[in-house]
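Computed from the coordinates by the stated procedures, all read-outs in this text should not be read as laboratory data. These figures come from a predicted structure and were not determined experimentally. Glycine also receives a Cβ, built like all others from the backbone with ideal geometry; neighbour counts cover every protein chain displayed.
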């Protein structure tokens, strides 16, 4: 069994859309990022790569590379899944926590779980998506930030 952990955070601005877990979340803010700014998928990508000891998202998809400008973060997850499979590992479980002061995650939880399970090629029963706030302790004073942490369990693939 192998475990990987990932984390990502972005500032928010008044320009949408806001993507979380591969789902367009109806909100009046968007993430400031090189790609589409999906903190959940970025954290998931890092956790997948970390569990397989394959580096991190910045190593494989550097923000300095213009090809990732506005990129769909699903690409990062899909490529990380391919690398995990090439390392003869399979996904045993995923747990993602979205940290936000102003975006309601609960109404989008099931669509996120479905989309993430599709990207990973696993049952949605192996994917958990949760949310929390920091009770105003994180982010700038105007609370315009969003973050996500992800934990991934991998196990050896059957021969």
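Antiparallel DSSP bridges in the chain: what percent, to the nearest 5?
80
May I ask you to order 16-24, 68-76 by the average number of other C-beta atoms within 10 Å around their residues, highest value first?
With the highest mean Cβ count within 10 Å placed first, the list reads 16-24, 68-76.
R0 = 30 Å: FRET efficiency of residue 3 with residue 28, Cβ-based, nearest 0.05?
Once rounded, the FRET efficiency stands at 0.25.
What is the angle, in °, between the Cα long axis of helix 109-120 and the longest principal axis of the Cα atoms in the chain? Nearest 10 is fine, range 0 to 90.
Computed tilt is about 40 degrees.
Classify the stretch 15-88 from the C-alpha gyration tensor, please: rounded if a/c falls under 1.5, else prolate or oblate depending on whether a/b exceeds b/c.
prolate
Calculate how steeply helix 39-51 sits against the longest principal axis of the alpha-carbon atoms of the chain, using the helix alpha-carbon long axis, and give the answer as 0 to 90 degrees to the nearest 10.
The angle comes out near 30 degrees.
Round to the nearest 10 and give me the degree value, 0 to 90, for the angle of helix 74-86's Cα axis relative to the longest principal axis of the chain.
Approximately 20 degrees, to the nearest 10.
Need one number: nm distance between label points at residue 15 and residue 64, each 7 Å from Cα along Cα→Cβ, rounded to one decimal.
The modelled label-to-label distance comes out at 2.4 nm.
At R0 = 30 Å, how high is the FRET efficiency between residue 56 and residue 158 if r is their beta carbon distance? Nearest 0.05 is fine.
FRET efficiency, residue 56 to residue 158: 0.60.
Percent relative contact order of the stretch 2-156, based on C-alpha pairs within less than 8 angstrom and at least six residues apart?
This gives 33 percent for the stretch 2-156.
Given the Cα atoms of the chain, and with Rh set as the inverse mean 1/r over their pairs in the Kirkwood sense, what is Rg to Rh to two decimals?
0.96
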